[in-house]
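Structure, as structure tokens:
The values are calculated or read from the model by the stated rules, or taken from the named source; none is laboratory data. Bear in mind the structure is a predicted one, so any value in this text is a computation, not a measurement. Positions of Cβ are generated from backbone atoms using ideal geometry, with glycine treated the same way; all protein chains shown enter the neighbour counts.
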There are 2 protein chains.
Amino acid sequence: MRVLVIGGDGYCGWATALHLSNRGYEVAILDNLVRRYWDSKLGVDTLTPIAPIQKRLQRWHDLTGKKIDLFVGDITDYDFLLKSMEQFQPETIVHFGEQRSAPYSMIDREHAVFTQVNNVVGTLNILYAMKEHFPDAHLVKLGTMGEYGTPNIDIEEGYITIEHNGRKDTLPYPKQPGSFYHLSKVHDSHNIHFACKIWGLRATDLNQGVVYGVLTEETGMDEMLINRLDYDGVFGTALNRFCIQAAIGHPLTVYGKGGQTRGFLDIRDTVRCMELAIANPAEPGQFRVFNQFTELFSVGDLAMKVKQAAVTLGLDHVQIENLDNPRVELEEHYFNAKNTKLLDLGLQPHYLSDSLLDSLLAFAISYKHRVDKQQILPKVSWRRG
Amino acid sequence: MRVLVIGGDGYCGWATALHLSNRGYEVAILDNLVRRYWDSKLGVDTLTPIAPIQKRLQRWHDLTGKKIDLFVGDITDYDFLLKSMEQFQPETIVHFGEQRSAPYSMIDREHAVFTQVNNVVGTLNILYAMKEHFPDAHLVKLGTMGEYGTPNIDIEEGYITIEHNGRKDTLPYPKQPGSFYHLSKVHDSHNIHFACKIWGLRATDLNQGVVYGVLTEETGMDEMLINRLDYDGVFGTALNRFCIQAAIGHPLTVYGKGGQTRGFLDIRDTVRCMELAIANPAEPGQFRVFNQFTELFSVGDLAMKVKQAAVTLGLDHVQIENLDNPRVELEEHYFNAKNTKLLDLGLQPHYLSDSLLDSLLAFAISYKHRVDKQQILPKVSWRRG
């Protein structure tokens, strides 16, 4: 089966492209490589020295004999997108190709507008390309658990059955996203749902939690295949960032009280979830939503776990620092999200373990000379003035 | 109180601007006048001969002594928007300035992308201008009842209290919009809600039904003040279109079975609803949603009412034609939407009456020589291929 991985040069995209290639799928990567450029513009860098995509793909071919096609360009350029799709003839389109950082979207008006236009137009272009030329293809779209916010009731997978004034209906789950980035994903979800309804397209929206870890079976084969690992205030996410902070003796930066509870998953489960969604496609006209995470943790609890693992490894003096929260979010709240659909398809989770934390800490230590300590603290505020 | 009416050259915007001016508000209109250009590009025209905005405003001044300022430009141009706002110093910002036709948004990919980018970016720009320079201003934003779709439960005003697995929360009402235009309004609603939450802005989202009628107290004062009245397949809406069809002896075009039920209101109530929302602003941080319609009708019932009124006026041979539905929508469904919030603020509805239908039909007859019969039937399909 031919799978086009849009955004295949990024953190989840790269790991997914290699995993699918390794599992026998015919894979192409489409990417505008702009994520590397944003790093340059912000003056940040991944902890790990990632090779140019062309070299990554050459090494993959040398190591495994498997070829991954490459299309360098932007999906907001419809002609480019269509030409690439017509050349590759994808049966599944995996879409990671969006601006994915909440702080980036909150920098200022220009970044908010860019994030929403880039993400919404890219996805609309994919939907139109599918409608016009690939109506039977399956869209596997990366959403986010952040679409739901923190409601005071259980979070279901995409839809909720509501009884109201003696009547009943199953409706899209109400959305309360917490940044202009998360809002862009909500906009996408509504647009994709509509396209499935009117054009009979098939799509799976994977509302993913916070991903941690860096090694997968494939990216660990060779240093030239190494994945990116972000720790900076704009692109770094909770657990990965904590491990790198511990490795360099920087306080673990918990925003506010730390009672923010979120869904988390190991990147080895990300790639497996993608594979399960691809192998078990949605029906024509179906807009299917899976919540893609394996465990719930509060941010404060995660910091504690990292601190304990660091102490065991002999990293003394690891402090936890509760910063003024740059975001506007509840810091203590009910949170119970469902995640049975991917388990039902056969996902066998890699739960967070001491050994994972040990290996991630050791990995961080081995690259700690690359850390720029000026880039760790959050600089983007959600608040007015 | 100073009120900036963005989109004040359009159907609802023009009537609202004059009404507010007449009621003693200090009014400015900001409009890019692009709606007139789209008519030219599509080869369609309003039934009524509308004067250039500058002449309209001059006549208004001559008749009433009241001055309405004019800013001609585009709100997707942030510098222009900000400069206009800094000059006028609005206390209320009424936002009608969006692409408002569902069929227009469904013409093709370019029109879908344009509609969403234009509407979402314009609203984001207003929100940022408010955040940066007018944090106490009140945004009164035109939404649409079409955000809700046709759920099988009662439609509340913006929010719904859900009991689920023994817990309870009040959440944004789930959205099931039926075109890329309606989706753009859903995107706006989510963005505005978030801006109110993080920046403490105040906003009222008016989820308006289908507006009918053409005369208000102010637009009826002089033919130079006449409002636009659209009957074409792209911009024409149900009841207005039926009256014009009856006037020229064209069959009344009901899409599909005609069981589609929607909220409707007289344009005289539109302007009064705007005034009520402005006079009773939302609280800081509040994202308030009103459903703005006065009655529910099925499209088929409306066609019957117009036919009966036409026969009474001596217009014989009025036929009702059920066309193949160009849209993808339920043609028979439950529909019960609440609309008490504007009534609670004092709205006294102009319910649809024989006399309104008579006057609208008479009005249509007096301009029927301007009708281009080639523009009446729907040409835009929601369907694939």
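Points to keep in mind about this one:
- Just one of the listed residues (B:L63, B:L33, B:L42, B:L81) is of a type in the set (A, V, I, L, M) and closer than 23 Å to B:A203 by Cβ, and it is B:L81.
- Subset of region A:174-189 [buried (at least 24 other Cβ atoms within 10 Å of the Cβ) and at the interface with chain B (Cβ under 7 Å from one of its Cβ atoms)]: A:K175, A:L183, A:V186, A:H187
- Identity of the residue in region B:341-385, out of contact with any helix residue (DSSP H, G or I) (no Cβ under 8 Å at 6 or more places or on another chain) and within 14 Å of chain A (Cβ to nearest Cβ), that ends up surrounded by the fewest Cβ atoms within 10 Å (Cβ to Cβ): B:G385
- Qualifying residue in region A:142-149 (condition: within 16 Å of the chain's Cα centre (by Cα), away from every other protein chain (no Cβ under 11 Å) and among the β-branched types (V, I, T)): yes
- Filter pass, B:L323 being touching a Phe, Trp or Tyr at 6+ places or on another chain (Cβ under 8 Å) and surrounded by fewer than 18 Cβ atoms within 10 Å (Cβ to Cβ): yes
- Some residue of region A:325-337 being at pLDDT 95 or above, among the polar types (S, T, N, Q) and within 21 Å of the chain's Cα centre (by Cα): yes
- Filtering A:I198, A:I155, A:I126 for residues that are without any contact (Cβ under 8 Å) to a residue 12 or more places away in the chain and either more than 10 Å from chain B (Cβ to nearest Cβ) or among the β-branched types (V, I, T) (or both) leaves a single hit, A:I198.
- Tabulated pairs, region B:107-118, first closer than 19 Å to A:L183 by Cβ, second crowded, with 20+ Cβ neighbours inside 10 Å and of a type in the set (D, E, K, R), C-beta under 8 angstrom, 6+ apart or interchain: B:N118/B:E98
- Test: A:K168 is at the interface with chain B (Cβ under 9 Å from one of its Cβ atoms) and crowded, with 23+ Cβ neighbours inside 10 Å: no
- Qualifying position, being in contact with a helix residue (DSSP H, G or I) (Cβ under 7 Å, 6 or more places away or on another chain) and within 13 Å of another protein chain (Cβ to nearest Cβ), among A:V94, A:V120: A:V120
- If you check A:F293, A:F297, A:F363, A:F335 for being of a type in the set (F, W, Y) and over 17 Å from A:M145 (Cβ atoms), only one passes: A:F363.
- Taken across region B:232-245, residues that are under 24 Å from B:A112 (Cβ atoms), within 14 Å of chain A (Cβ to nearest Cβ) and among the acidic types (D, E) do not occur at all.
- Any hit, region B:130-140, residues being facing chain A (nearest Cβ under 10 Å), touching a helix residue (DSSP H, G or I) at 6+ places or on another chain (Cβ under 7 Å), surrounded by 24 or more Cβ atoms within 10 Å (Cβ to Cβ) and modelled with pLDDT of 95 or more: no
- The one condition in (1) in a helix (DSSP H, G or I); (2) buried (at least 19 other Cβ atoms within 10 Å of the Cβ); (3) not acidic (D, E) that B:K197 fails to fulfil: (2)
- If you filter region A:348-385 down to residues that are under 18 Å from A:P326 (Cβ atoms) and among the polar types (S, T, N, Q), you find that the one that is farthest from the chain's Cα centre (by Cα) is A:Q374.
- Of all the residues in region B:100-117, those that are more than 25 Å from B:G385 (Cβ to Cβ) and surrounded by 21 or more Cβ atoms within 10 Å (Cβ to Cβ) number 1.
- The residue list B:K41, B:K83, B:K55 contains one member that is out of contact with any Asp or Glu (no Cβ under 9 Å at 6 or more places or on another chain), over 29 Å from A:V113 (Cα atoms) and charged (D, E, K, R), which is B:K55.
- Only one of B:G24, B:G8, B:G13 that is in a loop (DSSP other than H, G, I, E, B) and crowded, with 16+ Cβ neighbours inside 10 Å: B:G8
Let's see how each residue does on (1) modelled with pLDDT under 95; (2) among the charged types (D, E, K, R); (3) in contact with a Lys or Arg (Cβ under 8 Å, 6 or more places away or on another chain); (4) within 22 Å of A:T115 (Cα to Cα):
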{"position": "A:L33", "(1), (2), (3), (4)": "no, no, no, yes"}
{"position": "A:R36", "(1), (2), (3), (4)": "no, yes, no, yes"}
{"position": "A:T46", "(1), (2), (3), (4)": "no, no, yes, yes"}
{"position": "A:I50", "(1), (2), (3), (4)": "no, no, yes, no"}
{"position": "A:R59", "(1), (2), (3), (4)": "no, yes, no, no"}
{"position": "A:K67", "(1), (2), (3), (4)": "no, yes, no, no"}
{"position": "A:T76", "(1), (2), (3), (4)": "no, no, no, yes"}
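- Of residues in region A:298-349 being of a type in the set (D, E, K, R) and not in a loop (DSSP other than H, G, I, E, B), the one nearest to A:A362 (Cα to Cα): A:K307
- Single condition A:V210 does not satisfy, out of (1) out of contact with any His (no Cβ under 6 Å at 6 or more places or on another chain); (2) more than 10 Å from chain B (Cβ to nearest Cβ); (3) buried (at least 20 other Cβ atoms within 10 Å of the Cβ); (4) closer than 26 Å to A:T261 by Cβ: (3)
- Just one of the listed residues (A:I126, A:I68, A:I53) is over 20 Å from the mean Cα position of the chain (by Cα) and more than 29 Å from A:R262 (Cα to Cα), and it is A:I68.
- Scanning region A:47-62 for residues that are of a type in the set (S, T, Y) and part of a helix (DSSP H, G or I) yields a total of 0.
- Among the criteria (1) under 21 Å from the mean Cα position of the chain (by Cα); (2) under 21 Å from A:L201 (Cα atoms), the one A:L18 does not fulfil is (2).
- Against the list (1) surrounded by fewer than 17 Cβ atoms within 10 Å (Cβ to Cβ); (2) closer than 28 Å to A:V234 by Cα; (3) among the charged types (D, E, K, R), the condition A:K83 fails is (2).
- Remark: A:F71 falls outside the filter, which requires a residue to be more than 14 Å from chain B (Cβ to nearest Cβ), touching a Cys at 6+ places or on another chain (Cβ under 8 Å) and among the aromatic types (F, W, Y).
- Among the residues examined, B:P90 qualifies as under 14 Å from B:L4 (Cβ atoms) and either small (G, A, S) or in contact (Cβ under 8 Å) with a residue 60 or more places away in the chain (or both).
- Residue within region B:284-294 that is farther than 30 Å from B:K197 by Cα and in contact with a Pro (Cβ under 8 Å, 6 or more places away or on another chain) present: no
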